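Report on the structure given below.
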Amino acid sequence: MFTDDDALAAKLRMIASHGQSKRYYHDVVGCNSRLDAMQAAILNIKLRHLDEYIAARRKAADFYDRAFAENKNITIPFREGNNKHVFHQYTLVLNGIDRDGLSQFLTEQGVPNMIYYPVPAHRQKMFDAFGGSSFELPVTDWLTERVISLPIHTELDEEQQQFIVDKVLEFVNK
C-alpha cells in the first residue's frame, strides 16, 4: 500500500502489527501477516522436523519442571496427562515474588525473559467498545501480575538451562 497521508500510514502500520501502538498494547483489532515466499519455503522444509522440535522443547520443559517443582514460590505449567504440550512458551506463576524485579534481574544477568500481555485482553483499548474494562475477570487480572516466561527453544542445552534456573532461584530464594 502507498499513501502520502502520514496519519493513515501510521494507522495501517499499527493494524499490520496486531493493532499495537506499543508492544502488547492493542488499540484496534489488527493482524500479522508478513509471511513471504522465502519464509514459506523454509518453513515447508522445517515442518518435516516438527516432531523433533517439539520433543526438544518438551525436554527443556522437563528440565525446568524438575528444577522448580519443589519451590513453593513458583508454580510450573500444568500438563494434562492425556495431552502433549508443545511449549511455545514456558511460563511460571510466581507466588509472593516481585515478578518485575525478577524480570529486571534476569535481564541484567543476560537471561532472556518475557512478560507477555502485561495488560490483559479485556483491559485493552481495542475492547473498550464492548465494555471490556468493566468485565470482572479476577483470575486473569491476578495472573497478569504474576507470570513470566523463560527461554524455551529447540537449541537450548542443559548448561544454558542450569544457568537460567540458577539465576531464577538466586532471585526467588533471596
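The values are calculated or read from the model by the stated rules, or taken from the named source; none is laboratory data. Predicted model only: the values in this text are computed from it and were never measured. All Cβ positions, glycine included, derive from the backbone under ideal geometry; neighbour counts span all protein chains shown.
Within the stretch 118-151, if we keep just the residues that are among the hydroxyl-bearing types (Ser, Thr, Tyr) and surrounded by 15 or more Cβ atoms within 10 Å (Cβ to Cβ), the residue that is farthest from Ile74 (Cα to Cα) turns out to be Thr144.
Would you check which residues across the stretch 97-111 are more than 13 Å from the chain's Cα centre (by Cα) and either outside any helix (DSSP H, G or I) or in contact (Cβ under 8 Å) with a residue 12 or more places away in the chain (or both) and list them? Listed by number, the residues that qualify are Ile97, Asp98, Arg99, Asp100, Gly101, Leu102, Phe105, Leu106, Gln109, Gly110, Val111. Residues that are assigned to a loop (DSSP other than H, G, I, E, B) and hydrophobic (A, V, I, L, M, F, W, C) were ranked within the stretch 135-160; the one that is farthest from Thr91 (Cα to Cα) is Phe135. Condition check for Ala67 on (1) loosely packed, with under 13 Cβ neighbours inside 10 Å; (2) more than 21 Å from Ala121 (Cα to Cα): one failure, at (1).
Of the residues making up the stretch 63-82, those that are closer than 23 Å to Gln161 by Cβ and in a loop (DSSP other than H, G, I, E, B) are Ala69, Glu70, Asn71, Lys72, Asn73, Ile76, Pro77, Phe78, Arg79. Among the residues of the stretch 41-52, none qualifies, meaning not one is modelled with pLDDT under 95, under 23 Å from the mean Cα position of the chain (by Cα) and among the polar types (S, T, N, Q).
Would the stretch 28-35 turn up any residue that is assigned to a helix (DSSP H, G or I), closer than 21 Å to Pro120 by Cβ and hydrophobic (A, V, I, L, M, F, W, C)?
No, that holds for no residue.
Checking each residue of the stretch 112-134 against the condition of being in a helix (DSSP H, G or I) and β-branched (Val, Ile, Thr) gives no match.
Scanning the stretch 12-27 for residues that are more than 30 Å from Leu156 (Cβ to Cβ) and either assigned to a loop (DSSP other than H, G, I, E, B) or touching a helix residue (DSSP H, G or I) at 6+ places or on another chain (Cβ under 6 Å) (or both) returns Gly19, Ser21, Asp27. Candidates Ala9, Ala60, Ala40, Ala55: the one that is out of contact with any Gly (no Cβ under 8 Å at 6 or more places or on another chain), in a helix (DSSP H, G or I), in contact (Cβ under 8 Å) with a residue 24 or more places away in the chain and small (Gly, Ala, Ser) is Ala60.
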